[in-house]
Amino acid sequence: MKAKNNIVKGVILMLVTCGLLVSCSDFLDNEVHNITYNDVFWKNEADANAATSGAYALFRTAMLKEDPFFIWGDLPAGFFSAIGGNGWMVADAIKGGFHYMPYVESAVWDWTNWYRVVQQCNLIIDKIPGIPDKEFKGGDPVVLRNQYLGEGYFMRALTYFWMSRVWGDLPLEITPIYESSDIVLKGRTDVAEINKLIISDAKSASALMDWGADPGAMKRATKGSALALLAHVYAWTGDYANSLLCSDSIINSGTYRLEAGETLRNVFNPNTTTYENIFYISKSNSDKEQSWVDPGGYLGSMASKTLMDPYIKNRTSYPVFRPTKDVLGLYFTDQKDSRFSQFFGLTNTDHPIMIKYSDVGYKGSNYTGAYFESNMIIFRLADIILLKAEALQALSRTSESRDALNLIRKRAGIADVDATYTGELLKKEILNERIRELAGEGHNYWDQLRMKIYPGWYNGARTNPEYKSYLWPIHDDILKNNYLINQNEWWKSH
């Protein structure tokens, strides 16, 4: 009963601090609530676990509410077409060339949910070191405290990494807010400084956590999660030497291995065991983490937006987000590629759709009460191997780069790239391989920006570096309530 009460207090603390965060750190309103549970929380391991679980829950909301991970990371890349209608204005905007951003899907342009994660992590980093050793009952107190603290650093770094790619310069919040006197109105810190914090936090997380051994436990952070984040942020900032070191540490750890080509969809199935996943958001129905499928197909989960009959029974309308036959044919020239059948399917009307998020169940009779429980992958081994190939190509280690690329091609059952693939041709093929492997997982737009192989709409005035037109707009309410923050340059006139 005591542990249960502590979890309840943790949830209350999480909600109150989130309310405080929205009030000031997100600069969306002026009402502040004092925290009344601080003196009775942060006393033992159960409190640490409840607070850390709260951070994951908040991150889940930030990533999955209106699916900004997909809208940001996939739609601008051009692999998926997006149909409009029913107010699906982001789809219309990107279909039209990412030239304007009607403010409909608020999660796409509002950083509120993301700063809630930051605030929760700031509390974890501030408070968990003060919990006495004797209050950690589940094992070695040093190991347990380090794990929770490492998770706090990792989740803060991961949250800032997502935000910095989307909006660029950000208000830097690393001090926990306990009461109204802690609140300070802040402008935006240069993204280079944000990246330094991300790297510092991820290094701290890596030093504090171990590798973990249970593939089912990878929905909580480990050393591998922190190193995967480091590999990405180093590549994002052009430090390919350090990106390669982190990638090799993961690959050579013996903790992860590639799923077989014929069972590749296992990485998304919450009811199977795979050693490929490094960090993911679980959506298991048995753990009450599932999302509901919207009957109309425009709201709800990724299943709602990417599937139809036979993957969602009795859904006859085409999904909002889908690849075309032409695009699939462009990237999958060899239909023996296991990803063609494992990640994509044909509807009853012979229309191609993505089936990565096709773990659909039904609560009611006659296929009613549909729910979706596919894992949302943040990092997996194939991603890291391809990131290694990219780093080696950038470092002019061409033969080794081809070898890394061919590991993924071999798993997919397609021919190796040969010695004719060098320079820009090899670089472009690595990007193509990342699209074949990771489409729909929130990577491909960031891959294009990082590798400077831009989508077709990125031309003309958009290429002026002063505009930073690759960034996304900031919510008008944030701008109105904080005079220190201005809109990103491109969106001032769009």
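Does Met209 count as closer than 29 Å to Ile128 by Cα and under 19 Å from the mean Cα position of the chain (by Cα)?
Criteria not met by Met209.
How do the pairs read when you match residues in the stretch 300-312 that are in contact (Cβ under 8 Å) with a residue 12 or more places away in the chain with residues anywhere that are open to solvent by less than 10 Å² (accessible area, probe 1.4 Å) and acidic (Asp, Glu), using Cβ under 8 Å and keeping only pairs 6 or more apart or on different chains?
If the second residue must be open to solvent by less than 10 Å² (accessible area, probe 1.4 Å) and acidic (Asp, Glu), the pairs left are Ser301/Asp67; Met302/Asp67; Lys305/Asp67.
Just checking, does the stretch 430-448 include any residue being in a helix (DSSP H, G or I) and farther than 21 Å from Ala228 by Cα?
no
Can you name the condition, by its number, that Asp403 falls short on among (1) in contact (Cβ under 8 Å) with a residue 60 or more places away in the chain; (2) part of a helix (DSSP H, G or I); (3) more than 25 Å from Phe80 (Cα to Cα)?
Result: Asp403 fails condition (1) only.
Which condition number in (1) within 18 Å of the chain's Cα centre (by Cα); (2) open to solvent by 30 Å² or more (accessible area, probe 1.4 Å) is the one that Thr222 fails?
Among (1) within 18 Å of the chain's Cα centre (by Cα); (2) open to solvent by 30 Å² or more (accessible area, probe 1.4 Å), Thr222 violates only (2).
Within the stretch 436-476, which residues are surrounded by 21 or more Cβ atoms within 10 Å (Cβ to Cβ) and more than 19 Å from Phe69 (Cα to Cα)?
none
Inspect the stretch 371-391 for any residue being surrounded by fewer than 16 Cβ atoms within 10 Å (Cβ to Cβ) and either hydroxyl-bearing (Ser, Thr, Tyr) or modelled with pLDDT of 95 or more (or both) and give the result as yes or no.
No, every residue in the stretch 371-391 fails to be surrounded by fewer than 16 Cβ atoms within 10 Å (Cβ to Cβ) and either hydroxyl-bearing (Ser, Thr, Tyr) or modelled with pLDDT of 95 or more (or both).
Taking only pairs six or more apart or across chains, which ones have beta-carbon atoms under 6 Å, a first residue in the stretch 476-490 that is under 17 Å from Arg165 (Cα atoms), and a second residue that is open to solvent by 70 Å² or more (accessible area, probe 1.4 Å)?
Pairs found: Glu489/Tyr467; Glu489/Lys468; Trp490/Tyr467.
Within the stretch 313-340, which residues are within 17 Å of Gly440 (Cβ to Cβ), crowded, with 17+ Cβ neighbours inside 10 Å and without any contact (Cβ under 8 Å) to a residue 60 or more places away in the chain?
If the condition is that a residue be within 17 Å of Gly440 (Cβ to Cβ), crowded, with 17+ Cβ neighbours inside 10 Å and without any contact (Cβ under 8 Å) to a residue 60 or more places away in the chain, then Pro319, Leu328, Phe340 are the ones that fit.
Show the residue pairs that are 6+ apart or on different chains and have beta-carbon atoms under 6 Å apart, the first residue being within the stretch 160-188 and farther than 22 Å from Leu471 by Cβ and open to solvent by less than 40 Å² (accessible area, probe 1.4 Å), the second being of a type outside the set (Gly, Ala, Ser) and at pLDDT 95 or above.
Qualifying pairs under 6 Å: Pro176/Asn122; Pro176/Leu123; Pro176/Asp126.
Out of the residues in the stretch 262-281 meeting the condition of being assigned to a helix (DSSP H, G or I) and open to solvent by 10 Å² or more (accessible area, probe 1.4 Å), tell me which one is farthest from Tyr357 (Cα to Cα).
For the stretch 262-281, the residue satisfying everything is Glu262.
Looking at Pro171, Pro176, which one is within 18 Å of Ile128 (Cβ to Cβ) and touching a Lys or Arg at 6+ places or on another chain (Cβ under 9 Å)?
The unique qualifying residue is Pro176.
The values are calculated or read from the model by the stated rules, or taken from the named source; none is laboratory data. These numbers come from a predicted model, not from an experiment. As a convention, Cβ positions derive from the backbone with ideal geometry for all residues, glycine included, and neighbour counts pool all protein chains shown. Accessible surface is based on the protein model in full, side chains and every heavy atom, while ligands, DNA and RNA are left aside. Shrake-Rupley method; radii C 1.70, N 1.55, O 1.52, S 1.80 Å.
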